[in-house]
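Asks: Sharing a structure here in structure tokens format.
Computed from the coordinates by the stated procedures, all read-outs in this text should not be read as laboratory data. Since we're looking at a predicted model, the values are computed, not measured. Every residue, glycine among them, receives a Cβ derived from its backbone with ideal geometry; neighbour counts consider all protein chains shown.
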Amino acid sequence: MDPDFEMKTIRSINDEDIVSVLGHRNPGESYKSVHPPLDEMDFDDDLMKDLVEPIPGAKEGGRTRYVQFADSMYNAPAHPYDRARTYMSRFRGVDTGTLSGRQVIEIRELDLEKISKTLLETEFFDPAKTGLRGATVHGHSLRLDENGLMFDALQRYVYDEETGKVSYVKDQVGRPLDTPVDVGEPLDEEHLKEITTIYRSDNVGMREDKEALEAVLTIHEARTDGGYGLGVFKNDLKAKLGDDK
Amino acid sequence: MEQIKAIDVRIFPHRRLKPETTEKILSELLDLEGVLRFLVNGESLPNVVGYGPARGTSVNHPDRKIITVKGKEVELLVSVGEIVVTIRHENLEDFVEKTKAILEETLNFGFDVGVGVFTRTKTTVSDHLKIGYGIEDDIDPSLIGLVDPKTNSKETVKLIGD
């Protein structure tokens, strides 16, 4: 989450492969635009436009496109809420949406590809427990398969039992790719347990789990206090009654 | 019809099973005594992509395979997550013991084996709503709880053995 923290790059995927997995344009194809470059457009004087430097994609007038990740509950390196905060603190000009099992980023296509590269090549991504999914995302809460892969009804990525590597055979939404994209070996499960941001423990009753109880109670208290505004109302009432001196 | 005492045994592996493993487990379980029927359950796998830009393209899921159990071909429509076996009550203890032994041998991860009633034993109100009253007279009682009465049982039910 800390934007100054440098994430370890653990694999390298070439740009063209990322473009083909995203599936928004063919590799080598030029970016489609929705408006002319900003330099060529006439605007009324606006102080805000001088203050804010547009991101490269916006300058060029590129389309807004998306990338979406699903994170398995079984110790994926990141989880949706974390992703949202990270995206906000690290990248400019993103619109991100959080759902229980998946997280989408929308941004101009040019910038999207750079961001996707960062997200795919660093420890943010695990080939087995994280999935690049545009549609039919279901699977984050299901048991893993025998090779440790998260369920995917469209099976966009497959595990090669001989090489131990995972490769994408379909793009984000399930269209077959011409050449499979190798995304490397899944991370070690012990290592994932250490780096994951997900709190989970299996087969433990809620009442036996002290840490979880504490967290739930804290949230409950904070929500109740905040929601009813107990302190605020009291002070406000006192002020109205002239009792606040 | 002669009444028998039957009970369900539920096998719940901690990982989703590959078709090959399912095939192996099913074949070995079928050899045990007192087995009446199997319910292979799990997350269903589509044949074609249902929605999104890739709608209509075929999925070719590696888990949706045709497996051979006792010489009969069975198409797996799901990614196998649990297997419920209905057995004769008198074979229960022996069966559970042997099942555990088989699973320990074939699986390299954890599993749970539970005994109880895990399938429906009676037709329900929604069954009546779906296909109308009188369904009890039409349906083979051994199929109750095994399939959704509305599905095409030709696809989902396979008769193996005698």
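Asks: How many nm is it between the label spots at residue B:100 and residue A:50, if each spot is 7 Å from the Cα in line with the beta carbon?
Replies: 8.0
Asks: Let's see if you can work this out: charge +1 on each Lys and Arg Cβ, -1 on each Asp and Glu Cβ, no other charges. What is the dipole magnitude of the range B:1-94 about its Cα centre, in debye to the nearest 20?
Replies: Details: 13 positive and 15 negative charges, 104 e Å.
The calculated dipole for the range B:1-94 is roughly 500 debye.
Asks: Above 20 angstrom, tally the Cα pairs of the range A:129-245 and express them as a % of all pairs, no decimals. If you can, show how the numbers build up before the last one.
Replies: Details: 4363 of 6786 pairs.
Cα-Cα pairs in the range A:129-245 separated by more than 20 Å: 64 percent.
Asks: OK, next. Whats the longest run of chain B with zero chymotrypsin sites (Phe, Trp or Tyr not before Pro) that are DSSP loop and have at most 15 other Cβ atoms within 10 Å? If you can, show how the numbers build up before the last one.
Replies: Details: sites that count: B:51, B:109, B:133.
The longest such stretch corresponds to B:52-108.
Asks: Label point 7 Å out from residue B:48 along Cα-to-Cβ: which residues of the range A:170-203 have amide N under 19 Å?
Replies: Under cut-off, by backbone N: A:171, A:173-177.
Asks: How about the range A:139-245: which chymotrypsin sites (Phe, Trp or Tyr not before Pro) there are in a DSSP loop, with at most 13 other Cβ atoms within 10 Å of their Cβ?
Replies: Counting only loop positions with at most 13 other Cβ atoms within 10 Å, the chymotrypsin sites (Phe, Trp or Tyr not before Pro) in the range A:139-245 are A:199.
Asks: Per residue, what volume in Å³ does the convex hull of the Cα atoms of the range A:1-62 enclose?
Replies: Details: hull volume 8.8 nm³, N = 62.
Per-residue hull volume (Cα only) is 142 Å³.
Asks: Name the long-range amide H neighbours of residue B:57: under 5 Å, sequence gap of 5 or more, or other chain; modelled H, no Pro or chain starts.
Replies: Answer set, sorted by chain and number: B:49.
Asks: Please find the FRET efficiency linking residue A:211 to residue A:123, where r is the Cβ-Cβ separation and R0 is fixed at 35 Å, and quote it to the nearest 0.05.
Replies: On the way: r = 25 Å, r/R0 = 0.70.
E between residue A:211 and residue A:123, to the nearest 0.05, is 0.90.
Asks: State the answer as a single residue: which of A:230, A:120, A:148 lies farthest towards the positive end of the charge dipole of the protein assembly as shown, with beta carbon charges of +1 for Lys and Arg and -1 for Asp and Glu, about the Cα centre.
Replies: With unit charges placed on the Cβ atoms, the residue in question is A:230.
Asks: Evaluate E = 1/(1 + (r/R0)^6) for residue B:2 and residue B:60, where r is the Cβ-Cβ distance and R0 equals 60 Å; express this FRET efficiency to the nearest 0.05.
Replies: On the way: r = 45 Å, r/R0 = 0.76.
Result of the calculation: an efficiency of 0.85.
Asks: Another question about this same structure. Would you mind calculating the gained length between residue A:223 and residue A:95 on full extension (0.36 nm times residue separation, minus the Cα-Cα distance), in nm to one decimal?
Replies: Working: separation 128, 0.36 × 128 = 46.08 nm, distance 2.66 nm.
Fully extending the segment from residue A:223 to residue A:95 adds 43.4 nm.
Asks: Let me ask something else. With springs connecting C-alpha atoms under 10 Å apart, model chain A as a Gaussian network and identify which of A:28, A:101, A:57 has the largest mean-square fluctuation.
Replies: Highest fluctuation among the options: A:28.
Asks: When only alpha-carbon atoms count, how far does the range A:25-155 stretch along each of its three principal axes, as whole angstroms with the largest first?
Replies: Reported extents, whole Å, longest axis first: 59, 31, 23.
Asks: Enter the per residue convex hull volume of the protein assembly as shown, computed from alpha-carbon coordinates, in Å³ rounded to the nearest integer.
Replies: Numbers: hull volume 109.4 nm³, N = 407.
Cα-based convex hull of the protein assembly as shown, divided per residue, equals 269 Å³.
Asks: Apply 1/(1 + (r/R0)^6) to the Cβ-Cβ distance of residue A:203 and residue A:237, taking R0 = 41 Å, and write down the FRET efficiency to the nearest 0.05.
Replies: Numbers: r = 49 Å, r/R0 = 1.19.
Given R0 = 41 Å and the Cβ-Cβ separation, E is 0.25.
Asks: Whole-Å semi-axes of the range B:62-120's equivalent ellipsoid, largest first, each the root of 5 times a Cα gyration tensor eigenvalue?
Replies: Each semi-axis is √(5λ); the values are 23, 16, 13 Å.
Asks: State to the nearest 20 debye the size of the charge dipole of the protein assembly as shown about its Cα centre, where the only charges are +1 on K and R beta carbons and -1 on D and E beta carbons. Display every interim value, and only then the final one.
Replies: On the way: 53 positive and 77 negative charges, 202 e Å.
Using only the charged Cβ atoms, the result is roughly 980 debye.
Asks: Rounded to the nearest 500, what is the 222 nm mean residue ellipticity of the protein assembly as shown from helices alone, with -39500 (n - 2.57) per DSSP H run of 4+ residues and division by all residues? Don't skip to the end; give the middle numbers.
Replies: Values: 13 runs with 121 residues, N = 407.
Theoretical 222 nm ellipticity from helices: -8500 deg cm²/dmol.
Asks: Given Cβ point charges of +1 (Lys, Arg) and -1 (Asp, Glu) and nothing else, what value in debye, to the nearest 20, does the dipole of the range A:23-86 about its Cα centre take? List each step's numbers first, then the result.
Replies: Working: 8 positive and 12 negative charges, 126 e Å.
Dipole size: approximately 600 debye.
Asks: Here is a follow-up. Within chain A, what's the longest run with no GluC sites (Glu not before Pro) in a DSSP loop and at most 12 other beta-carbon atoms within 10 Å? Give the range, please.
Replies: Numbers: sites that count: A:6, A:29, A:161, A:162.
Between exposed loop sites, the widest span is A:30-160.
Asks: Now a separate question. Which of A:180, A:127, A:37 moves most in a GNM of chain A, Cα contacts under 10 Å?
Replies: In this elastic network of chain A, the residue with the biggest mean-square fluctuation among A:180, A:127, A:37 is A:37.
Asks: Here's a follow-up. How many percent of the alpha carbon pairs in chain B exceed a separation of 29 Å? Could the numbers behind the result be given before it?
Replies: On the way: 3139 of 13041 pairs.
For chain B, the fraction of Cα-Cα distances above 29 Å is 24 percent.
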